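Structure first, then comments.
The values are calculated or read from the model by the stated rules, or taken from the named source; none is laboratory data. Note that the coordinates shown come from a computational prediction; the quantities given were computed from them, not determined experimentally. No Cβ is skipped: glycine too gets one built from the backbone with ideal geometry, and neighbour counts run over all protein chains shown.
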Amino acid sequence: SAVISQKPSRDICQRGTSLTIQCQVDSQVTMMFWYRQQPGQSLTLIATANQGSEATYESGFVIDKFPISRPNLTFSTLTVSNMSPEDSSIYLCSVPRGGLATDTQYFGPGTRLTVL
Amino acid sequence: AQSVTQLGSHVSVSEGALVLLRCNYSSSVPPYLFWYVQYPNQGLQLLLKYTTGATLVKGINGFEAEFKKSETSFHLTKPSAHMSDAAEYFCAVSPRGNTDKLIFGTGTRLQVFP
């Protein structure tokens, strides 16, 4: 398994501000993933954070709104920019472990964001 | 495109009763299949996964799931529910050869009554 920590665990923010969420993994990983879980809904992949290159965003998500940094193989940040109440969600990072044939995603504890 | 359908957003059982949470997938080839559990105010925890080999997969906390290719299903079961099983359960798939991306179902909230 993987030990994944996220900061902050929760936050309440004002509309129009930005919040940067940190994800730290206990060992080096090639890819890190950022998901969003809106209230009462399932998880949706926002983007894949690759070390040494630009993040790859899924349909419906753009870099200007969700800039991602990946400075090394154990750390990534996701910024939620110019927030609105619709951004209130749980944001989770995840990493794959186990080798090519049996990769398993392990998830961080999540960051619960409320935008007023 | 792949998709996951979880039938029943809420399932209620009595303590000691059988738990059955349904998951069907849509894919041109059998994907890798996962069940995750999310306890209140916590992150996701892997229950079990199927990648290849034996189609009946055993996971943690007494849960198991069976991959049925003919039915494109991966239902989660537990013979006897415990109060501590109350949580949100998510079925997920990832395409073979691209095991990093996960596509989640909408989740099933399990309630267990004494």
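Side notes on the structure shown:
- Qualifying residues in segment B:30-47 (those that are within 9 Å of chain A (Cβ to nearest Cβ), in contact (Cβ under 8 Å) with a residue 40 or more places away in the chain and not aliphatic (A, V, I, L, M)) - the one nearest to B:His82 (Cα to Cα): B:Gln38
Condition check ((1) at pLDDT below 90; (2) over 11 Å from the mean Cα position of the chain (by Cα)) across all residues:
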| residue | (1), (2) |
| --- | --- |
| B:Ala1 | yes, yes |
| B:Gly16 | no, yes |
| B:Arg22 | no, no |
| B:Tyr32 | yes, yes |
| B:Trp35 | no, no |
| B:Leu48 | no, no |
| B:Glu66 | no, no |
| B:Ser70 | no, yes |
| B:Met83 | no, yes |
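- B:Val13 β-branched (Val, Ile, Thr), surrounded by fewer than 20 Cβ atoms within 10 Å (Cβ to Cβ) and either part of a strand (DSSP E or B) or in contact with a Ser or Thr (Cβ under 8 Å, 6 or more places away or on another chain) (or both): yes
- Selection status of A:Ser69, more than 18 Å from B:Val4 (Cα to Cα), in a loop (DSSP other than H, G, I, E, B) and of a type in the set (S, T, N, Q): no
- For segment B:60-76, residues that are of a type outside the set (Asp, Glu), more than 16 Å from B:Thr5 (Cα to Cα) and either part of a strand (DSSP E or B) or touching a Phe, Trp or Tyr at 6+ places or on another chain (Cβ under 8 Å) (or both) total 1.
- Yes/no for B:Tyr39 being modelled with pLDDT under 95, more than 16 Å from B:Gly105 (Cα to Cα) and in contact with a strand residue (DSSP E or B) (Cβ under 9 Å, 6 or more places away or on another chain): yes
- Number of positions in segment B:48-59 that are away from chain A (no Cβ under 11 Å) and outside any loop (DSSP other than H, G, I, E, B): 3
- Only listed residue being polar (S, T, N, Q) and at pLDDT below 90, chosen from A:Gln37, A:Gln41: A:Gln41
- Some residue of segment A:37-60 being in contact with a helix residue (DSSP H, G or I) (Cβ under 9 Å, 6 or more places away or on another chain), within 14 Å of another protein chain (Cβ to nearest Cβ) and assigned to a loop (DSSP other than H, G, I, E, B): yes
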